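Colleague: Sharing a structure below in structure tokens format, with a few things to ask.
The values are calculated or read from the model by the stated rules, or taken from the named source; none is laboratory data. All values reported here derive from a predicted model rather than from experimental measurement. Note that each Cβ is placed from the backbone with ideal geometry, even for glycine, and that neighbours are counted across all protein chains shown.
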Amino acid sequence: MDCFQAFILGLIQGLTEYLPVSSSGHLAIGSALFGLDDGEANLTFTVAVHVATVLSTLVVLWKEIVWLFKGFFQFKMNDEMKYILNILVSMIPVGIVGVFFKDTVEEIFGSGLLIVGIMLLVTATLLAFSYFAKPREKETISLKDAFIIGLAQACAVMPGLSRSGSTIATGLLLGNKKENLAQFSFLMVIPPILGEALLDCLKIAKSGYESVSAGISPIALLVGFLTAFVSGCFACKLMINLVKKGKLIYFAIYCAIVAIAVITYTCL
């Protein structure tokens, strides 16, 4: 992987991590177009760009994160503690998937672009349903809703099924307010991604850099990291505004078009 390829893939990761179009699916498509292995051979690059997008979340939502920490250290059941409990509950499903079904998920990730196209169609359908559905709105996200949204996040480990699209659309279908969902969706993913990155870093240390880096130079790795971080900051801010305005239908159309293109390409 050269610096140009790292730049493009970092840009794809940064933008699509927050936009409801599936970062994993687009990285798989981008890697295929460049003729790169998007599996374990590129593990180092994958970890780098995912950590970069987590850092962009911390930068964009730093006020909310400081608010949560201040409330937590008051050691009482306040609004901040309830919010943290919601995040913890939302992590349960993806934690179960990571512990018990990690190998199965990795096999699916290596099953080619057809699964990406199919899951992008599922993403498009879910986004369309959330756009047209008009459930009664709730003031706050409940523990039950947090768990269901967490189930959506766990399902979104499938390549092509957008994590942000799945969690936000599920929250909208449950009747949660648009203003609350984007922020919650982005905050709830921070612990799982950091946990997965830590496990992957241990794998890199155990296997050796060369065996999981596909020949990526440190400079190319840095280019991908910085590109993912900067584009992630932009996409995070953009997505929060788009969710508040209810503009998800355009992403449903985009996902459907890309899905049809990918499925057609793989079947030819």
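Colleague: Would you confirm whether or not the range 89-99 contains a residue that is closer than 20 Å to L11 by Cα, modelled with pLDDT of 85 or more and in contact with a helix residue (DSSP H, G or I) (Cβ under 9 Å, 6 or more places away or on another chain)? Reasoning before the result, please.
Modeller: Taking the range 89-99 first, the residues closer than 20 Å to L11 by Cα are none.
No, every residue in the range 89-99 fails to be closer than 20 Å to L11 by Cα, modelled with pLDDT of 85 or more and in contact with a helix residue (DSSP H, G or I) (Cβ under 9 Å, 6 or more places away or on another chain).
Colleague: Now a separate question. I216 passes all but one of (1) modelled with pLDDT of 75 or more; (2) surrounded by 21 or more Cβ atoms within 10 Å (Cβ to Cβ); which number fails?
Modeller: Among (1) modelled with pLDDT of 75 or more; (2) surrounded by 21 or more Cβ atoms within 10 Å (Cβ to Cβ), I216 violates only (1).
Colleague: Suppose the filter is over 29 Å from L238 (Cβ atoms) and either buried (at least 19 other Cβ atoms within 10 Å of the Cβ) or not hydrophobic (A, V, I, L, M, F, W, C) (or both); does Q74 pass it? Show your work before the answer.
Modeller: Details: over 29 Å from L238 (Cβ atoms): yes; either buried (at least 19 other Cβ atoms within 10 Å of the Cβ) or not hydrophobic (A, V, I, L, M, F, W, C) (or both): yes.
For Q74, the condition - over 29 Å from L238 (Cβ atoms) and either buried (at least 19 other Cβ atoms within 10 Å of the Cβ) or not hydrophobic (A, V, I, L, M, F, W, C) (or both) - is met.
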